[in-house]
1. Test residue 298 against the criterion of being exposed (fewer than 14 other Cβ atoms within 10 Å of the Cβ) and under 25 Å from the mean Cα position of the chain (by Cα), and give yes or no.
2. Does residue 357 satisfy the condition of being assigned to a loop (DSSP other than H, G, I, E, B) and surrounded by 15 or more Cβ atoms within 10 Å (Cβ to Cβ)?
3. Which residues, counting only those in segment 70-84, are in a helix (DSSP H, G or I), more than 28 Å from the chain's Cα centre (by Cα) and surrounded by 11 or more Cβ atoms within 10 Å (Cβ to Cβ)?
4. Has segment 489-499 got at least one residue that is within 22 Å of the chain's Cα centre (by Cα) and touching a residue at least 40 places away in the same chain (Cβ under 8 Å)?
5. Of 7, 18, which residue is within 28 Å of the chain's Cα centre (by Cα) and part of a strand (DSSP E or B)?
6. Could you list, in sequence order, the residues of segment 37-53 that are outside any helix (DSSP H, G or I), closer than 24 Å to residue 142 by Cβ and out of contact with any helix residue (DSSP H, G or I) (no Cβ under 7 Å at 6 or more places or on another chain)?
7. Among the residues of segment 86-100 satisfying the criterion of being touching a residue at least 24 places away in the same chain (Cβ under 8 Å) and assigned to a helix (DSSP H, G or I), which is nearest to the chain's Cα centre (by Cα)?
8. Which of the residues spanning segment 101-127 are assigned to a loop (DSSP other than H, G, I, E, B) and surrounded by fewer than 18 Cβ atoms within 10 Å (Cβ to Cβ)?
């Protein structure tokens, strides 16, 4: 029998391209959930590149929202699937007043949206009865919800997600854990550790995000904005993320953000540490970009970075300082409020490090890394430094990494960590798993190419997608997309083998 595959189609056309090669090379039936802007929908409704058995359009789940949520239905849904609705809601940055400058959702609005989505996704999954569900690394609550429904129904989820090594990706049910693949040899890596780290420098790849966000090419950035203001009509009812948006509000927001960026940049230049001739030993804490998925989902109960830093500072041995480094990508959204930095500057054993300082330099001279879930916790092992982490990540399986269970553990964990020896053999075993269970894919190069070709950037990620231009884009990335399809089929075969064994 043909395997039925349900695919979430959004973002940068990665999974659409994967769908084409799955259909060309393998015996399967494809079904899709389309989550794109209004202009982009014309392409999906008229395309014949991929012959889906059926397509559903996410925006229809937002039509005819109830005035008040059906709490009884939502309660039964929670019971049926083991999904916490409020947790799901709080994982979405658009529902946070702190991050949404255009609209303040109330509780009933949030629950009404999620109620319709629950019914929408549940009906698709029940109708399709897919053998597998494919998606990219989930972001918003609506993106994550069908994954959770599928997991509850024991439908394998193949989530393609970046690992904390540059240019490497993994397909797994949980991006924070390796799947226990059958018959996969994970012997220690024979690759020199310093060569592996240099080749897969996550700091270098992070700089490529400036291409995706158009930060590095001002003409394209302002051209995308100009096209938006001249040609785009905002339909606030099309998507919940559009609620409250008007062009006037967006213009005001852009002006305000630019003003604050300049003001905050000046403050950072004057007050953040740029040299390392400090007589004190220090522990390193890298700030996360915010808002970010890892804070909202992976480290759900440890998302308040000010509270985390304050508790670490309270827990340090008397001879240590805490060095806190700002994430360089925060510049793209105007840095953080000055009150955030000023609060940290008042902590007597905390120093703020300039965002331009390479992580390698800070980690090498540190005694330990403490992180919520950043790449620095992994890189620390390469420099024989112990780590404390607040959330599960692939690298938290390393013996030199301690996972925090509660804040009360911090003082003892820090002292234990400072006396921990990092063994190279443990790191070699870990890199052996990375080498065998992940694969090469330069996601930022792929997505920035799509963004530049189709102007897929701006206040609303949407544009017309001419079929011939999409065809050329897919052809130009044929080798990459075919490789990604093959990696997904390997994982499908793994689950088929696993099911037979069970």
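The values are calculated or read from the model by the stated rules, or taken from the named source; none is laboratory data. Here the structure is a predicted model, which is why all the values come from computation and not from measurement. For neighbour counting, all protein chains shown are included, and Cβ atoms are generated from backbone atoms with ideal geometry for every residue, glycine included.
1. no
2. Yes, satisfied.
3. Scanning segment 70-84 gives 71, 73, 75, 76.
4. For segment 489-499, residues within 22 Å of the chain's Cα centre (by Cα) and touching a residue at least 40 places away in the same chain (Cβ under 8 Å): present.
5. Result: 7 is the single residue among 7, 18 that is within 28 Å of the chain's Cα centre (by Cα) and part of a strand (DSSP E or B).
6. Answer for segment 37-53, where residues must be outside any helix (DSSP H, G or I), closer than 24 Å to residue 142 by Cβ and out of contact with any helix residue (DSSP H, G or I) (no Cβ under 7 Å at 6 or more places or on another chain): 37, 38, 39, 40, 52, 53.
7. 93
8. From segment 101-127, those assigned to a loop (DSSP other than H, G, I, E, B) are 101-106; that's our starting set.
Listed by number, the residues that qualify are 101, 102, 103, 104, 106.
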